[in-house]
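Every number here is computed from the coordinates shown, using simple stated rules; none is lab data. All values reported here derive from a predicted model rather than from experimental measurement. Cβ placement follows ideal geometry from the backbone for every residue including glycine, while neighbour counts extend to all protein chains displayed.
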Ligand code: MN
């Protein structure tokens, strides 16, 4: 029987993870292992400065008092006797597009799965809250089937962003674009008049590339980006070797 590990970064109480579990339960046996609270924007952090507890809420539903990466690492080693056929992270409340990917706990859980050799994907829904997961549930099932039947390229996971609602224009296979946030650090005063800084919101600055995840989503499409574990800029190797001549001992200017 097909086995599927489901996790997220919004926490066990988020509606997105239940929608995902419902959607994927028709494909096999699902096991939910999720953080016990919201862990959005924790990236790929691993808890090493304190012990972690697994809490069983019901059959095949567990929480970990840690990060999404902790859930995957501990779950794969301590809850699963044999690795699952698939790992799916989400459905995140809010997109993970462009530069946001590097902050994303949702995507990092899928990166962790890929590092352990488990085919993995991350799903996020964008638009206006409260989010409607209908299209995302349909895409989750469809893409899970694709991965189970065809597998993924080596060391590769999928980052999928879906419009909120029941409809989308079409599916676009995209590259990671750029999306930076301007004016996202807000200065506030506490009741004693001390300054504090609160990160969030702001205005998105994006690159104009029409083949990007950002553009595909902005124009009403489902964006599917294959992401790889290898962060090396391979053109950069040539640059450092040939232009900087680092390996030729050219360590001066
Ligand atoms: Mn989140």
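Structural remarks
For (1) within 16 Å of the ligand (Cβ to nearest atom); (2) in contact (Cβ under 8 Å) with a residue 24 or more places away in the chain, each residue gets a yes or a no:
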{"residue": "102", "(1), (2)": "yes, yes"}
{"residue": "113", "(1), (2)": "no, yes"}
{"residue": "120", "(1), (2)": "no, yes"}
{"residue": "125", "(1), (2)": "yes, yes"}
{"residue": "146", "(1), (2)": "no, no"}
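- Filter result (closer than 19 Å to residue 85 by Cβ and either in contact (Cβ under 8 Å) with a residue 24 or more places away in the chain or over 19 Å from the mean Cα position of the chain (by Cα) (or both)) within the range 148-175: 148, 149, 150, 151, 152, 153, 155, 156, 157, 158, 160
- Test result for residue 80, closer than 19 Å to residue 119 by Cβ, surrounded by fewer than 21 Cβ atoms within 10 Å (Cβ to Cβ) and in contact with a strand residue (DSSP E or B) (Cβ under 8 Å, 6 or more places away or on another chain): yes
- Cβ-Cβ under 7 Å pairs, at least 6 apart or on other chains, the range 229-253 side closer than 27 Å to residue 153 by Cβ, far side surrounded by 10 or more Cβ atoms within 10 Å (Cβ to Cβ): 229/111; 229/114; 229/115; 229/155; 230/155; 240/246
- Residues satisfying the stated conditions in the range 188-216, i.e. in contact (Cβ under 8 Å) with a residue 12 or more places away in the chain and over 12 Å from residue 176 (Cβ atoms): 197, 198, 199, 200, 201, 202, 203, 204, 205
- Which numbered condition residue 64 fails, given (1) buried (at least 24 other Cβ atoms within 10 Å of the Cβ); (2) within 16 Å of the ligand (Cβ to nearest atom); (3) within 15 Å of the chain's Cα centre (by Cα): (3)
- The residue that is surrounded by the fewest Cβ atoms within 10 Å (Cβ to Cβ), counting only those in the range 43-61 that are farther than 13 Å from residue 5 by Cα and in contact (Cβ under 8 Å) with a residue 24 or more places away in the chain, is 57.
- Taken together, the criteria place residue 40 among residues that are assigned to a loop (DSSP other than H, G, I, E, B) and in contact (Cβ under 8 Å) with a residue 12 or more places away in the chain.
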